[in-house]
Amino acid sequence: MAPGPAISNSDDPAALLRRNIPESERNAGEQQYARGADLHDLAVLEDCSKLEGAARFAVQFLAAQSHGMVVRMPPVKYRMWYAMKHVEHLTQVRFKFVDQTSLREISWVESQRRVQQGRQWTFTVSVEVVGPAGAVAGDVVDTVDPAVFTRATAQELAILLVSLDALGMSKFWPLLTNLLKVLIENPAVVTSRLPELAQLQPQGLLNATDWEAVFMMQMSRAMQSVAGQQAEGSPAHKGYFGNALNMARQVVRLWPDRPLTHVTALDCSMSLEVWDLALTLARNMYRLGDERQYDYASALGRYKAAYALARGGDKQPTFRLGELRALAAEAPRARLKRWGMHRLLKRDTSSEKELTEMVLPVWKDSPDSQQVPVMTPQMFRPVDMSKPLPPGAFVNPAIYGPPPTGRTSGASSSASTSGTAATGDGAAPPAVTFTPKVDEEGQRLCDGCGMCFLSYKRCGACKQPCYCSVECQRAHWAAGHKRECKLLVEAARAAAGASG
């Protein structure tokens, strides 16, 4: 069957860019993003039932990502799974599409038809090992002969690189780990085939150097995903992030003039708390963004640089207040609002903004020459709101609110309260209200990342915040909703009791 049109919505940056900024008025960064969006839309129109179509999808998808395109998940995710059926002999697994009602396997053609109709919820995706008898998903890599990868065609290798995204997106961590192990131990499987990859259709999108950078980029991002599943601070956690950082720095070397190539290396260095490297990468990013008129990179780089500076990126016990102020003041880019990228920036800089909101108010009356102590990990520990805080302690006002009267320092809940709470057993909780995140038009946003989506899931306890994903719910819970949720539940019960 013929594939349907690309899926988009009114909040998609690419759609807003095309609608709100004429081509003649776009700066260099917007032109580059538009080019990536065009490649993305061409990719999701490919028929991945055939090897040739799946390979074209892979080439165009990877080229779109190299332009900084934000991937639209619904159309891309399923085509990744469809394409992977051509490399089952490499991954040793196949994706199965199972009807939710009958529990019978359906064809990829039927699953694609349901996706086009917006009925993807009617089937689920599972994974099945297709390796030697007795193999299971966790150890299939031990049965893989590296020679199998050596015999792979260039088309299959292109699809294999996309499958790294598919496995991470699907959270099949053991399988992704196994595939990474094979590629780490045998990098020549890809690097020796760069000229062949550059000849893939459509030609001219990625040359041999681009393919090397794409390989490193896909490997680094996949390792970063796997690292996030390890216990923080464990050898495995540090090892995966270390490998991801090394490969990400190779991407920067291969694409030195592309500001967004710094993002993965920057995220890895921040996860490893290598603040001097993070500060260097962030400064390079926003300077390149300024030179290339890439507003998103300019803003993101400044927010990241502010964070790294405050965490000790200059390798000094203090940093100059004026530099932090300048970074925070110069970071916003009003032009990003014209095509919706400000929402993505808000999501990607939440921690960085919170830190500047913690520091700058404390030193608001100090001159730019003031030397401020770097932020240490102890300053980010959870706050015990039942006890007075030590003088000069930093408390995030975005989470805890302003310090209550009579406290040395500290804060209240992020939910607003009214009235005076009684003390002692049986005391009524204060009245609490939740303020949801909305955009300037009043449209509801995810309370975790601040992005706009077509549908949301609510908090199961208080029923107030809305989330686009489990990851956002967990992040919001850790950021302060854990305490807020209890207050909201207690307030709802008190209100129900009073009305009853």
Within segment 449-490, how many residues are open to solvent by 70 Å² or more (accessible area, probe 1.4 Å) and at pLDDT below 80?
5
Only one of these is over 30 Å from Arg320 (Cβ atoms), assigned to a helix (DSSP H, G or I), without any contact (Cβ under 8 Å) to a residue 12 or more places away in the chain and out of contact with any strand residue (DSSP E or B) (no Cβ under 9 Å at 6 or more places or on another chain): Ala236, Ala244, Ala231. Name it.
Ala236
Which of the numbered conditions does Val130 fail, given that it passes all the others? Conditions: (1) open to solvent by less than 50 Å² (accessible area, probe 1.4 Å); (2) at pLDDT below 85; (3) on the phi < 0 side of the Ramachandran plot.
(1)
Lone qualifier among Ala227, Ala222, Ala231, Ala236 - being open to solvent by 60 Å² or more (accessible area, probe 1.4 Å) and either touching a Phe, Trp or Tyr at 6+ places or on another chain (Cβ under 7 Å) or more than 13 Å from Leu281 (Cα to Cα) (or both):
Ala231
Condition check: farther than 24 Å from Ala14 by Cβ and in a helix (DSSP H, G or I). Does Leu281 satisfy that?
yes
Specify which of the listed residues (Arg253, Arg292, Arg302) is open to solvent by 30 Å² or more (accessible area, probe 1.4 Å), within 30 Å of Glu30 (Cβ to Cβ) and modelled with pLDDT of 95 or more.
Arg253
Test: Glu110 is of a type in the set (Asp, Glu), more than 19 Å from Ala158 (Cβ to Cβ), open to solvent by 10 Å² or more (accessible area, probe 1.4 Å) and modelled with pLDDT of 80 or more
yes
Could you grab the pairs with beta carbons closer than 7 Å, sequence gap of 6+ or different chains, first residue in segment 146-160 and of a type outside the set (D, E, K, R), second one open to solvent by 50 Å² or more (accessible area, probe 1.4 Å)?
Val148/His89; Ala154/Glu196
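Listed here are the residues, each with its yes/no results for (1) surrounded by fewer than 19 Cβ atoms within 10 Å (Cβ to Cβ); (2) not hydroxyl-bearing (Ser, Thr, Tyr); (3) not in a helix (DSSP H, G or I).
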position: Leu288; (1), (2), (3): no, yes, no
position: Ala306; (1), (2), (3): no, yes, no
position: Lys315; (1), (2), (3): yes, yes, yes
position: Glu323; (1), (2), (3): yes, yes, no
position: Ala328; (1), (2), (3): no, yes, no
position: Pro332; (1), (2), (3): yes, yes, yes
position: Ser351; (1), (2), (3): yes, no, no
position: Glu357; (1), (2), (3): yes, yes, no
position: Ser369; (1), (2), (3): yes, no, yes
Take residues that are over 17 Å from Asp210 (Cβ atoms) and of a type in the set (S, T, N, Q) and tell me which of the helices (runs of 4 or more DSSP H) falling wholly in segment 151-199 contain 1 or more.
154-169, 173-185
Inspect segment 169-184 for any residue being over 23 Å from the mean Cα position of the chain (by Cα) and under 30 Å from Leu288 (Cβ atoms) and give the result as yes or no.
yes
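The values are calculated or read from the model by the stated rules, or taken from the named source; none is laboratory data. If you're wondering where the values come from, they're calculated on a predicted model, not measured in any experiment. Reconstructed Cβ throughout: ideal geometry from the backbone, glycine too, with neighbour counts over all protein chains shown. Only protein heavy atoms, including side chains, enter the accessible area calculation; ligands, DNA and RNA are left aside. Shrake-Rupley method; radii C 1.70, N 1.55, O 1.52, S 1.80 Å.
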